[in-house]
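Novice: Questions regarding the structure given below will be posed in turn.
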Amino acid sequence: MLKTKISPIFSSFRGKPKTSRFIFQAFNKVVVQDDTTTPSVRRNASTNLTTLHQGPPTSAYVHLPFCRKRCHYCDFPILALGSSSNVYEEGKEDDPRITNYVNLLVREIKATRTDFDANPNLETVFFGGGTPSLVPPRLVSLVLETLSLNFGLSPDAEISMEMDPGTFDGRKLKELMDLGVNRVSLGVQAFQDELLKACGRAHGVSQVYEAIEFVKECGVENWSMDLISSLPHQTLGMWEESLRLAIDSQPNHVSVYDLQVEQGTKFGNLYTPGQSPLPSETQSAEFYKTASSMLRGAGYEHYELSSYSKGDFKCKHNLIYWKNKPFYAFGLGSASYVGGLRFSRPKRLKEYTNYVADLENGAANWCGNGDVDLKDVATDILMLSFRTSKGLDLKDFGEAFGSEVVNSICKVYEPYVESGHIVCLDDMRREVTSDEVKTLAANDEVKIEDHVRYLRLKDPDGFLLSNELISLAFGVVAP
């Protein structure tokens, strides 16, 4: 699952673990501009803005909340089944807790109706959790069949599943692949037993290697590995070892997350961010720089804040989020974005059960009518765009919100272009110098987006200052 703490948009994304505390936090500083001189998003927004990202979704997130036990850093909506859950026992009856939940999930999917004139087939499905690989294949099949009947499922859809070591074998993985699962996100997190144990993970390093072998033996062409940095007692040497072993395993994709300590978790009760045995902010930044250096050096493209890929193996589903496109979501605590409305389902099973009943009775409002708050849209686009290596498309942003807004953003970023934390690129993605940007920004007669097409954060130093950098843009578009 994807989740960070940013408002308004990232509170909608479920994720595990959470994205870096030093990269994207809740902003406590917003630069407010004088409204008499700063162009307003509301004054300059294009009249067709509300239709930009409000078409029918082509992606669906499905939350399968089951885990053997709760990890010490986890505050996600999960249902702990106990360590006795064993995927290797053939002939064992399905756990009724899983069966009952999946039946409820299927009811939600069936009861989900939209008013779009046309509903294109789903192009991506992402099973997140939780540990979705604990769910028996026949129940996964039931969910996929229901999605296909309700929305249609493209023959070449990317169907991803989060899987933890020790929760599947080759036989189970083959069954899932036969159902259409064609992308595996393997939750390794670390290659040191002592760190895995300290996090409360249910697997050890031996099971990590076993899971990697299953993935390779089964011929999974598209698979990703998750790693966590800034764990308690984690050293830079340990982190470098985990990165090296991940690279040696040759996944097509690597996701790297910085631990975020949450209230109400075991880590939240034990530790204070930035204090031993957790690393300092400086050490966490060094972990981030090390990951960027080692993974890019191994041929991975750092295409998104926490994501690295080889070739064409970017996660298509997550790109829907970063492009601010609509998506369905189903299951406990999941959040959808349809018709301009970001809607989060209840996190407790009883309330979620009631929600599904209300949905069936037509009493649940989960889909927007296309009306959007223009400032929210602008800040969402800024936040999401700066997560990616592509960056903010100034031409598109200018067409939506006005050239004056673009010019003001470029002006506040001038010192950071000069320092190298922000990179300016033209249509051909060639770098535009800071002197050129200053000259363009100073000329009110010039549409700067005709000469500077993209703004992106420098990897890694710009990403590490993204709190401050994005808050500056927020001060322009939402004073």
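Novice: Name the pairs: first residue in the range 215-235 and without any contact (Cβ under 8 Å) to a residue 60 or more places away in the chain, second residue open to solvent by 40 Å² or more (accessible area, probe 1.4 Å) and among the polar types (S, T, N, Q), Cβ to Cβ under 6 Å, at least 6 apart or on different chains?
Specialist: Between residues of the range 215-235 that are without any contact (Cβ under 8 Å) to a residue 60 or more places away in the chain and residues that are open to solvent by 40 Å² or more (accessible area, probe 1.4 Å) and among the polar types (S, T, N, Q), there is no close pair.
Novice: Restricting the search to the range 298-310, which residues are among the acidic types (Asp, Glu) and either open to solvent by less than 60 Å² (accessible area, probe 1.4 Å) or closer than 19 Å to VAL184 by Cβ (or both)?
Specialist: Across the range 298-310, the qualifying residue is only GLU304.
Novice: Could you check the range 350-441 for helices (runs of 4 or more DSSP H) lying wholly inside it with 1 or more residues that are in contact (Cβ under 8 Å) with a residue 24 or more places away in the chain, open to solvent by 20 Å² or more (accessible area, probe 1.4 Å) and more than 27 Å from TYR321 (Cα to Cα)?
Specialist: Hits in the range 350-441: 403-419.
Novice: Only one residue in SER280, SER229 is closer than 20 Å to PHE463 by Cβ, under 22 Å from the mean Cα position of the chain (by Cα) and of a type outside the set (A, V, I, L, M), so which one is that?
Specialist: Residue meeting the stated conditions: SER229.
Novice: Do you know which of the residues in the range 442-458 that are in a loop (DSSP other than H, G, I, E, B) and open to solvent by 20 Å² or more (accessible area, probe 1.4 Å) is farthest from ASN407 (Cα to Cα)?
Specialist: The residue in question is LYS458.
Novice: Which of the residues belonging to the range 190-210 are without any contact (Cβ under 8 Å) to a residue 60 or more places away in the chain and touching an Asp or Glu at 6+ places or on another chain (Cβ under 8 Å)?
Specialist: PHE191, GLN192, HIS203, GLY204, VAL205
Novice: When you check ARG107 against the structure, is it assigned to a helix (DSSP H, G or I), farther than 25 Å from ARG70 by Cα and open to solvent by 20 Å² or more (accessible area, probe 1.4 Å), yes or no?
Specialist: Answer is yes for this residue.
Novice: While we're here: Please specify each residue of the range 311-341 satisfying the condition of being in contact with a Phe, Trp or Tyr (Cβ under 9 Å, 6 or more places away or on another chain) and either open to solvent by 50 Å² or more (accessible area, probe 1.4 Å) or in a strand (DSSP E or B) (or both).
Specialist: PHE313, LYS314, LYS325, PHE327, TYR328, ALA329, PHE330, ALA335, SER336, TYR337, VAL338, LEU341
Novice: Return yes or no: is VAL143 touching a Gly at 6+ places or on another chain (Cβ under 9 Å), surrounded by 19 or more Cβ atoms within 10 Å (Cβ to Cβ) and of a type in the set (Val, Ile, Thr)?
Specialist: Criteria not met by VAL143.
Novice: Further, regarding this structure: If I go through the range 173-204 residue by residue, how many of them are over 24 Å from the mean Cα position of the chain (by Cα), open to solvent by 20 Å² or more (accessible area, probe 1.4 Å) and more than 30 Å from LEU147 (Cα to Cα)?
Specialist: 4
Novice: Also, I was wondering about something else. Any idea which residue in the range 275-297 is nearest to GLY219 (Cα to Cα), counting only those that are of a type in the set (Gly, Ala, Ser) and open to solvent by 30 Å² or more (accessible area, probe 1.4 Å)?
Specialist: Among those that are of a type in the set (Gly, Ala, Ser) and open to solvent by 30 Å² or more (accessible area, probe 1.4 Å), it is GLY297.
Novice: Right, another one. Any idea how many residues of the range 102-150 are more than 28 Å from ASP226 (Cβ to Cβ) and touching a Phe, Trp or Tyr at 6+ places or on another chain (Cβ under 8 Å)?
Specialist: So the count comes out to 3.
The values are calculated or read from the model by the stated rules, or taken from the named source; none is laboratory data. Worth saying up front: this structure is predicted, and the values here are computed from it rather than measured. Don't worry about glycine lacking a Cβ; one is built from the backbone with ideal geometry, like all the others, and counts go over all protein chains shown. These area figures cover heavy atoms from the full protein model, side chains too; ligands, DNA and RNA do not enter into them. Shrake-Rupley method; radii C 1.70, N 1.55, O 1.52, S 1.80 Å.
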